[in-house]
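The values are calculated or read from the model by the stated rules, or taken from the named source; none is laboratory data. From a predicted model like this one, the values you see are computed outputs, not experimental measurements. Using ideal geometry, Cβ is built from the backbone for each residue, glycine included, and neighbour counts are taken over all protein chains shown. Note: accessible area is taken over every heavy atom of the protein model, side chains too, but ligands, DNA and RNA are not part of it. Shrake-Rupley method; radii C 1.70, N 1.55, O 1.52, S 1.80 Å.
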Amino acid sequence: MPATYNILIMGASYGSLLASKLMFGGHNVKLVCLPAEADLINAEGFRVRLPIKGRKDPIEIDSRKLPGKVSAAGPGDVKPSDFDLVGLAMQEPQYRSPGVRELLDAVAKSRVPCMSIMNMPPLPYVRRIPGLNYDALKPAYTDSTVWDSFDSATLTLCSPDPQAIRPPDEKVNVLQVTLPTNFKVARFDSDAQTAVLRKLQADIEAVRFDTPEGKIELPVKLKVHDSIFVPLAKWSMLLAGNYRCITKDGMRTAQEAVHSNLEESRSVYNFVFDLCVKLGASPADLVPFEKYAAAAQSLTRPASAARALQNGAPNIERADKLVQLIAAQKGMRHPAIDAQVALVDQRLEANRKAAAKK
């Protein structure tokens, strides 16, 4: 097994958080992003700010001071076969963009192991869950055909549990972590490909950061799990929190979405939890509602899906619709989920009509 890997990450915003962890472990990262972002990262690297328990101020990780190297490029300037692992850190609708679509297809055909770090699990990953009608799930995707060339065995899912934002008054190469939880990734089918993940896990675990008081451990680890259902723990959180940030005529914080009607939040959360168990998850793979509700107290911004809708996006990730469609196949329905999916449909339709008039 090589001591260092070359890793391609599609998406520099959220992707820079994982990149910082990998580079700390000595691995080299290529970020695929927009031209202005690529120029800035190539000139100045990137910064990630991490809150540390017991410390007043966050620590700042400067990519230029890490053992691994980072570079950035546009989608047309990379060859997937040059890499040992590919990370998918863009929002699901972005994969049908010109240039990105072609690179994603090249990644699929290269059979390089690919780790999705999206809230919306790619359709080939969903195919790893037995017993579903996968064609019936395609309406949840902006364009399901972008995933057609993938072999499900070479694609895994990493739950994007850490929360982060780009501070609005800073350059686009700065990321502020707001909830420093762990990335949870399911194993690949292949032991050899899973060994790559386990090596990255061990290297990130060993990282210590120099401070004036001495070396400290940093939050946000990569945790590799044998169960393909562990990353699906995020589904309950998305439907009880993220999508319920979307209101009829605006948005609210995730904290408000969860705590303004705690009983409904619990009901939605546990419905999705039970669905995951019905699909094959063990309750131990998932996160109990009380733990999520406590974490949601610190989520003082609307979720990215709500912000995108508010800004007029014609498409957003539809994990809400995916869960609704999967539940229907298992004979399960929840009125609050049906109402929320219908609301998101209406708001997207309004955004598309507004865009068509411009």
* Among (1) closer than 30 Å to residue 26 by Cβ; (2) of a type in the set (Lys, Arg); (3) not in a strand (DSSP E or B), which single condition is residue 291 missing? -> (1)
* Restricting the search to the range 241-253, which residues are open to solvent by less than 40 Å² (accessible area, probe 1.4 Å) and in contact with a Pro (Cβ under 7 Å, 6 or more places away or on another chain)? -> 245, 253
* Asked: In the range 45-75, which residue that is at pLDDT 95 or above and of a type in the set (Asp, Glu) is most open to solvent (accessible area, probe 1.4 Å)?
  -> 60
* From the list 5, 95, 14, which residue is among the aromatic types (Phe, Trp, Tyr) and within 17 Å of residue 174 (Cβ to Cβ)? -> 14
* To do: Output yes when any residue across the range 108-118 is among the charged types (D, E, K, R) and open to solvent by 20 Å² or more (accessible area, probe 1.4 Å), and no when none is.
  => yes
* Note down all Cβ pairs under 7 Å where the first residue falls in the range 74-93 and is closer than 18 Å to residue 27 by Cβ and among the charged types (D, E, K, R), the second is assigned to a loop (DSSP other than H, G, I, E, B) and open to solvent by less than 20 Å² (accessible area, probe 1.4 Å), and they're at least six residues apart or on different chains. => 84/5
* Structure fact -> Going through the range 35-55 in order, the residues found to be in contact (Cβ under 8 Å) with a residue 12 or more places away in the chain and part of a loop (DSSP other than H, G, I, E, B) are 45, 46, 51, 52, 53
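Identify, from the list 301, 266, 333, the residue that is in a loop (DSSP other than H, G, I, E, B), open to solvent by 60 Å² or more (accessible area, probe 1.4 Å) and either at pLDDT 95 or above or hydroxyl-bearing (Ser, Thr, Tyr) (or both). Walk me through it before giving the result.
Numbers: 301 fails: either at pLDDT 95 or above or hydroxyl-bearing (Ser, Thr, Tyr) (or both); 266 fails: in a loop (DSSP other than H, G, I, E, B).
Residue meeting the stated conditions: 333.
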* Asked: Are any residues in the range 78-95 more than 18 Å from residue 156 (Cα to Cα) and over 17 Å from the mean Cα position of the chain (by Cα), and if so, which ones?
  -> 78, 79, 82
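Name the single residue that is most open to solvent (accessible area, probe 1.4 Å) among those in the range 18-34 being in a loop (DSSP other than H, G, I, E, B) and closer than 17 Å to residue 89 by Cβ.
Kept after step one, since they are in a loop (DSSP other than H, G, I, E, B), are these residues of the range 18-34: 25-27, 33-34.
Next, from what is left, pick out any that are closer than 17 Å to residue 89 by Cβ: 27, 33-34.
Values: 27: 2, 33: 12, 34: 114 Å².
That would be 34.
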* To do: Output the residues belonging to the range 123-138 that are among the aliphatic types (A, V, I, L, M), part of a loop (DSSP other than H, G, I, E, B) and open to solvent by 10 Å² or more (accessible area, probe 1.4 Å).
  => 132
